[in-house]
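Here's the structure we're looking at; comments come further down.
The values are calculated or read from the model by the stated rules, or taken from the named source; none is laboratory data. All figures in this text were calculated on a predicted structure; none of them were measured in a lab. Ideal geometry is used to build each Cβ from the backbone, glycine not excepted, and the neighbour counts take in all protein chains shown. Protein only, heavy atoms only, side chains kept; ligands, DNA and RNA dropped before computing areas. Shrake-Rupley method; radii C 1.70, N 1.55, O 1.52, S 1.80 Å.
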Amino acid sequence: MNINGIQSTYYQTGYTNNKSAKSSGGTSFSNYINNTAGNAGKGHIVYMKTDDMLYSGGNGTGLSFYIKYAEDSTEDDPTVIAKGVDENGDKFEQTIHINKINPTSATFVEMRALEAYLGVEKKYGFSSLPMVPQGGIGEMGLHDRGNFMNMFEKSISDMTILRQYKSATYYRYSMQAYWDFMSKK
């Protein structure tokens, strides 16, 4: 097929002419991609946010969840429940006590709970959490812990080097909200 000078070849499902795909066992291209990504036969679950949820979302690992206030949550002990699927597609449920979250050693789920509880404003289409390229929140599994304050500093430095001053300022604002939370404990 030729469309406006772009040539395309159609292959029937299950057949491939791709040397890389053949070397992976002769599977179809989509199976090759899914196997390469570690997602053979798995789909992703996405939770749509409802009015009673504080947060709904996930990250690039397949981790997907939503957060709601727990029935026994109090002003002195704000508590949330996170429910969803982990990066392996296994269901999970966690009870998170907001006052026990430490942003210098927190999980992605804990930080999303803290972000929602604090009401950290999201600007410019960003998350209030830092987006570092390697080893950042996009690669964290359910139980992985990270130092989010160090990730903020890295993101601020990167944005400053790239002369993305609005982004650097936004990450400073977000980081300050988490510093304030830690200083009140």
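Assorted remarks:
- Matching residues in segment 100-131 - criterion: being free of Cβ contacts under 8 Å to residues at least 40 places away in the same chain and in a helix (DSSP H, G or I): Lys100, Glu110, Met111
- Single unsatisfied condition, Ser28 versus (1) open to solvent by 40 Å² or more (accessible area, probe 1.4 Å); (2) over 25 Å from Trp179 (Cα atoms); (3) at pLDDT below 95: (1)
- Close pairs from segment 72-90: first among the β-branched types (Val, Ile, Thr), partner open to solvent by 40 Å² or more (accessible area, probe 1.4 Å) and at pLDDT 95 or above, Cβ under 6 Å, at least 6 apart: Thr79/His97; Val80/Tyr69; Ile81/Lys68; Ile81/Thr95; Val85/Lys91
- If the condition is being closer than 14 Å to Ser128 by Cα and open to solvent by 30 Å² or more (accessible area, probe 1.4 Å), then segment 161-174 contributes Lys166, Thr169, Arg172, Tyr173.
- Residue within segment 140-154 that is surrounded by fewer than 13 Cβ atoms within 10 Å (Cβ to Cβ), over 17 Å from Glu110 (Cα atoms) and of a type outside the set (Gly, Ala, Ser) present: no
- Residues located in segment 43-60, provided they are at pLDDT below 90, over 18 Å from Glu121 (Cα atoms) and more than 11 Å from the chain's Cα centre (by Cα): Gly43, His44, Ile45, Val46, Tyr47, Met48, Thr50
- In segment 65-100, residue farthest from the chain's Cα centre (by Cα) [restricted to those that are closer than 15 Å to Asp52 by Cβ and charged (D, E, K, R)]: Glu71
- Among all positions in segment 61-70, there is at least one residue which is under 25 Å from Ala113 (Cβ atoms), at pLDDT 50 or above and open to solvent by 90 Å² or more (accessible area, probe 1.4 Å).
- When residues of segment 80-125 are limited to those that are among the small types (Gly, Ala, Ser), in contact with a Lys or Arg (Cβ under 9 Å, 6 or more places away or on another chain) and open to solvent by 20 Å² or more (accessible area, probe 1.4 Å), the one modelled with the highest pLDDT: Ser105
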